[in-house]
Amino acid sequence: MELMKNRIKTKESLLQSHGYKSIIFVLLTLIAACNTEHGNVIAWVNDHPISRSEFKHWMLLERSEVHNYFYRNYNEADSENFWEKKIEVESPLEMLKRLALEKAVRCKVQQIIALDKGIVEHIDFDRMMEEMQEENLKRKRKIEQGEVVYGAKKYTERTFFAHEFDNMLLQLKSELSKKELKASDEQLKSLVENEDYPLEEYRGFYQLQHVENYYDGFIDSIVKTVDIKIDKQNWSSIKAFFN
């Protein structure tokens with residue numbers, strides 16, 4: 001079944017206009033949902049889906065930013081119908097959706113790079129949550145049998161995703177240090193100037209420091225080039241996933 005596609009250039013990010021650091025999307029493609037296969041997908045990043053549950057994850061993480069913004073600018077506190085309101089010309093729910101989309105896309109871009117480099121086997125959020133349930137069951141059995149369990153006794157969606165993402169990030173930065181973000185000798189020498197550790201003995205340390213310095217800019221540059229498609233019908237149907 002054909003998808004209806006309307007390509008549009010995005011304007012400056014909503015939150016950037018309010019003084020927040022955010023990513024400017026170069027291209028958003030609005031597409032109409034065409035069948036049940038796409039019913040659970042809010043957006044695609046280079047054909048990799050962002051599911052409804054994944055989008056909910058980011059909305060939950062970003063809601064405090066929206067609350068703070070409306071309280072500071074309109075003295076509008078949280079209330080039963082806060083997310084359904086339109087405050088002057090702004091909508092808390094639409095702002096939350098845009099914020100969540102920016103964070104979800106930036107995260108997905110990093111996951112795609114890690115997937116391409118063989119660091120992770122998949123980047124499917126719902127599958128990851130299934131793995132969390134399996135891990136929690138394993139930990140529960142170990143605890144019941146008196147075995148030692150390192151880390152959390154039970155993961156939540158937030159803590160499991162953060163744990164997996166952080167582990168992926170460490171490996172990704174290490175891989176990028178070999179090519180895409182490999183520092184030249186001149187760049188490394190500039191890092192050594194104010195340090196007591198000699199370059200030849202601590203080259204790896206300085207290389208990773210170089211990666212840290214340039215990583216965010218590297219990811220931002222890729223985000224600007226990816227193809228982002230939004231399922232128009234599913235996007236419009238999103239409500240606040242909490243009350």
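For the range 154-175, check the following and say yes or no: at least one residue is more than 25 Å from ASP231 (Cα to Cα), among the polar types (S, T, N, Q) and outside any helix (DSSP H, G or I).
yes
Among the residues of the range 143-164, is any modelled with pLDDT of 95 or more, more than 17 Å from ALA104 (Cα to Cα), of a type in the set (S, T, N, Q) and outside the structural domain of PRO49 (by TED's automatic domain parsing)?
yes
Tell me whether the range 116-123 contains one or more residues that are closer than 18 Å to ILE228 by Cα and surrounded by 17 or more Cβ atoms within 10 Å (Cβ to Cβ).
Within the range 116-123, one or more residues are closer than 18 Å to ILE228 by Cα and surrounded by 17 or more Cβ atoms within 10 Å (Cβ to Cβ).
Could you list, ordered by first residue, the pairs with Cβ atoms under 8 Å in which the first is in the range 222-243 and surrounded by fewer than 16 Cβ atoms within 10 Å (Cβ to Cβ) and the second is polar (S, T, N, Q), at least 6 apart or interchain?
Close Cβ pairs satisfying both conditions: ASP227/THR29; ASP227/ASN46.
Got a number for residues in the range 85-129 being touching a Ser or Thr at 6+ places or on another chain (Cβ under 9 Å) and at pLDDT below 95?
1
Quick check on ARG72: is it surrounded by fewer than 14 Cβ atoms within 10 Å (Cβ to Cβ) and not aromatic (Phe, Trp, Tyr)? Before you say what the answer is, go through the steps one by one.
Working: surrounded by fewer than 14 Cβ atoms within 10 Å (Cβ to Cβ): yes; not aromatic (Phe, Trp, Tyr): yes.
Answer is yes for this residue.
Is at least one residue of the range 134-142 closer than 30 Å to LYS179 by Cβ and either among the charged types (D, E, K, R) or surrounded by 15 or more Cβ atoms within 10 Å (Cβ to Cβ) (or both)? Show your work before the answer.
Narrowing the range 134-142 to residues closer than 30 Å to LYS179 by Cβ: none.
Taking every residue of the range 134-142 in turn, none turns out to be closer than 30 Å to LYS179 by Cβ and either among the charged types (D, E, K, R) or surrounded by 15 or more Cβ atoms within 10 Å (Cβ to Cβ) (or both).
The values are calculated or read from the model by the stated rules, or taken from the named source; none is laboratory data. Bear in mind the structure is a predicted one, so any value in this text is a computation, not a measurement. So basically every Cβ, Gly included, is an ideal-geometry build from the backbone, and we count neighbours across all protein chains shown.
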